[in-house]
Structure formats: structure tokens, C-alpha cells
1. Does Ser218 qualify as being of a type in the set (Gly, Ala, Ser), surrounded by fewer than 17 Cβ atoms within 10 Å (Cβ to Cβ) and at pLDDT 95 or above?
2. So the check is Cβ under 6 Å with 6+ separation or different chains; which pairs have a first residue in the range 67-96 that's free of Cβ contacts under 8 Å to residues at least 24 places away in the same chain and over 23 Å from Ile39 (Cα atoms) and a second one that's assigned to a helix (DSSP H, G or I) and basic (Lys, Arg)?
3. Tell me whether the range 259-269 contains one or more residues that are in contact (Cβ under 8 Å) with a residue 40 or more places away in the chain, over 24 Å from the mean Cα position of the chain (by Cα) and not in a loop (DSSP other than H, G, I, E, B).
4. Does Gly157 qualify as being on the phi > 0 side of the Ramachandran plot and buried (at least 20 other Cβ atoms within 10 Å of the Cβ)?
5. With respect to Asn242, is the statement that it is assigned to a helix (DSSP H, G or I), of a type in the set (S, T, N, Q) and touching a helix residue (DSSP H, G or I) at 6+ places or on another chain (Cβ under 9 Å) true?
6. For the range 116-152, give me the residue count where each residue is among the aliphatic types (A, V, I, L, M), modelled with pLDDT of 95 or more and surrounded by fewer than 22 Cβ atoms within 10 Å (Cβ to Cβ).
7. Looking at the range 19-62 only, could you name the residues that are of a type in the set (Lys, Arg) and either open to solvent by less than 30 Å² (accessible area, probe 1.4 Å) or over 17 Å from Ile106 (Cα atoms) (or both)?
8. Lys226 - would you say it is touching a Cys at 6+ places or on another chain (Cβ under 9 Å) and open to solvent by less than 40 Å² (accessible area, probe 1.4 Å)?
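The values are calculated or read from the model by the stated rules, or taken from the named source; none is laboratory data. On a predicted model such as this, the values are computed, not experimentally measured, just so you know. Note: ideal-geometry Cβ built from the backbone for every residue, glycine included; neighbour counts use all protein chains shown. Remember, those area values only see protein heavy atoms, side chains included, never the ligands or the DNA or RNA. Shrake-Rupley method; radii C 1.70, N 1.55, O 1.52, S 1.80 Å.
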Amino acid sequence: MDYKFETLKITSPGDFIKHVELNRPEKLNAMNTAFWKEITECFNQLAVDKDCRVVVLSGAGRMFTAGLDLKENEIFTNVMALNDPGRKAFAVFQSLPRIQDSFNAIEKCPKPVIAAVHNACIGGGVDMTSACDIRYCTQDAWFQIKEIDIGLAADVGTLQRMPKVIGNDSLFRELAYTGRKFLADEAKSMGFVSRILPDKDTLIKAAVELAKVIASKSPIGVQGSKVNIVYSRDHGVYQGLNYMNIWNSAMVQSEDVSIAIAAALQKTAPVFSKL
């Protein structure tokens, strides 16, 4: 597939691995109108790219992202310029779901997404990484639910996803209500990130190495796991089990199962066909 974007850079650091890099370093990777459109398109493409099994998501330049670009954002530059409150409300109501869909696309993409965060991850960056499967960061990384400081409740996924990621309602509410920074060690202790690396180069290397391990596994197994993990998070135990039953009644018939079993018996590395 052809990946050409203004705000994103896409590379292939290994077989079946795509590296998506936020690519506005001169603007600290702030999220403008073009970004919201492109991140959606990018992950919709990745979802059906047969040459992609895992995605690494990082930021170019000196920080991961400064969050929302207040100067280049359709809601602030166009919608808020309307005079009539009713029409302004309708315009926001129509525009915001398109922005929310940007990070929904990350979660809906069946390929696991590994966020590699260095330095600052502010506002929309927390929304975005909350939608990822795995989060690594550097020792100098810090996070902030910044929306409260501009008079808003975070509206692109942080309030919905992060409490379920960390499993600590009291701490999450503290972070959301105060907008205080939390550093790498605290992010790991609360379970928001699973690993801390000393610097950005080591971070990217570790994320790619993890991606290589995942990419070597059955794409039927990995992508089926992601779909069912997301489904089960949002449904009850028995609903999740029933969905899993329906899912695997088909997927257990995949050639990947026999390939994996044969490789285990022969003590060789399995090779799976493109999905």
C-alpha cells in the first residue's frame, strides 16, 4: 500500500511491521486539522494491509506530542467563529465525532499498536495512547490530561479508555480534574506504560523488537486476540465468552493452528501466510 501523508511518516523497520511517526516536529507534533483526517486514513489502511501485522507509533523531534493545535483546528478556527449558539452547538456536534473516529481507528485496527512515547505526551497524546494496545516510554517521558486547563473535559477517548487501562478510578479522577503532570515512573506504577527505556533510540529499538516477536506469531491468533480483548472490555464475562465461542468456531479451522502445532512438535519456527 502507498502511505503518503503530510503529518505522518510511515516506514517498515521489519517484516510485517509498520512504523507510524507523528511528523510535525517543528510544531511539536501538535494535532491539526490535517492530522485528524490523516491518522484515520492511515489506520484504516493499516487495518487491511496484508504486509502489516504490528504497528509502532512514535513522534519525530524532541517530544511525542504537544496535543491539540489550537491555531490549526477546525472546531476552534471555524466552528467557534459562528455567532448563533444553536448553530455553533450543531457544528461541534457534527465535527467532534470525526475527531473521535481518528483514535477509534487505532483501537478498531486489528493489528496491535505499540506506542513509543518520549518526552512530553500532552492532552490529545493521552487520548491517542490510551487507544493503543501497549505503551512504552523513555525515562524522561511525562504525561498530562491537559484539557482541564483550557476549560474542557477531555473528549477524544481519555475519559472513556484510560480508567479501564489503569484500573484506579480515584487516581484517574485526580489526574483528570487537576491536569497535573505524571512522570514515567508513576505512569508505570499505575499500569499506563509497561516498560521504561533510558532514551529515545533505545525506546524505538525495544518497540521494534517487541513488534518483531508479535509479527512472528499467527496473524489469525494475534488479531483475533485484539478483537476479543476490546469486545470483552466493553461487555460482560458471559457475553465475551459467547463472542469468543462464535469467533473461534471459525478461526480454529485456520491453517495457522496446524502450522503452529507442527512447528512446536518439530521445534522449528512457524511461518504463517499473509492474512
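1. Against the criterion (of a type in the set (Gly, Ala, Ser), surrounded by fewer than 17 Cβ atoms within 10 Å (Cβ to Cβ) and at pLDDT 95 or above), Ser218 does not qualify.
2. As it stands, the answer is Leu82/Lys88, since those pairs meet every condition given.
3. Step one: filter the range 259-269 for residues in contact (Cβ under 8 Å) with a residue 40 or more places away in the chain, giving 259-260, 269.
Next, only the ones that are over 24 Å from the mean Cα position of the chain (by Cα) stay: 259-260, 269.
Those still in the list that are not in a loop (DSSP other than H, G, I, E, B) too: 259-260.
Yes, the range 259-269 contains at least one residue that is in contact (Cβ under 8 Å) with a residue 40 or more places away in the chain, over 24 Å from the mean Cα position of the chain (by Cα) and not in a loop (DSSP other than H, G, I, E, B).
4. Values: on the phi > 0 side of the Ramachandran plot: yes; buried (at least 20 other Cβ atoms within 10 Å of the Cβ): yes.
Judged against the criteria, Gly157 is a match.
5. No, not satisfied.
6. Residues that pass the stated criteria total 2.
7. Result: Arg24, Lys27, Arg53, Arg62.
8. yes
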